[in-house]
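Novice: Got a structure for you, written out below as structure tokens; questions coming shortly.
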Amino acid sequence: MTELLKPTVMKQILTHSKEYQRAVKLLNVDWDLGNQMLFRDRVMAADVILARQLQHHRLVIGNVNLDDYQAVGQLLSQHSQWFSGTARFELLKPFDG
């Protein structure tokens, strides 16, 4: 049985919140680090979690399958500068033996 989305997540989806927009950008491989040298807007673990939920429930399919080890590895190798350490961990967590 498919797990239902929590009300807070549903609200983020319905209002196209900042969190929702970040998750969609990740799924569409359309991330922008920003122009500032001191602060880079990196993908965080929460972005990965929401993106996986969107994909799992088929609300946003995107250009990368976060359930596919090869696709995740390719995303990390091509765009390593996008991800915080916690986001990398979260992306790889389902594949830990």
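Novice: Tally time: how many residues in region 75-97 are part of a helix (DSSP H, G or I) and under 18 Å from Glu19 (Cα atoms)?
Specialist: 6
Novice: I've got another one for you. For region 22-43, state whether one or more residues are more than 24 Å from Ser80 (Cβ to Cβ) and either at pLDDT below 95 or not aliphatic (A, V, I, L, M) (or both).
Specialist: no
Novice: Same structure again: Kindly indicate whether any position in region 51-74 is among the small types (Gly, Ala, Ser), in contact with a helix residue (DSSP H, G or I) (Cβ under 8 Å, 6 or more places away or on another chain), assigned to a helix (DSSP H, G or I) and in contact (Cβ under 8 Å) with a residue 40 or more places away in the chain.
Specialist: no
Novice: Any residue in region 11-20 that is more than 14 Å from Leu91 (Cα to Cα), part of a loop (DSSP other than H, G, I, E, B) and at pLDDT below 95?
Specialist: Checking region 11-20: not a single residue is more than 14 Å from Leu91 (Cα to Cα), part of a loop (DSSP other than H, G, I, E, B) and at pLDDT below 95.
The values are calculated or read from the model by the stated rules, or taken from the named source; none is laboratory data. Keep in mind that what you see is a predicted model, and the values were worked out from it rather than measured. Note: ideal-geometry Cβ built from the backbone for every residue, glycine included; neighbour counts use all protein chains shown.
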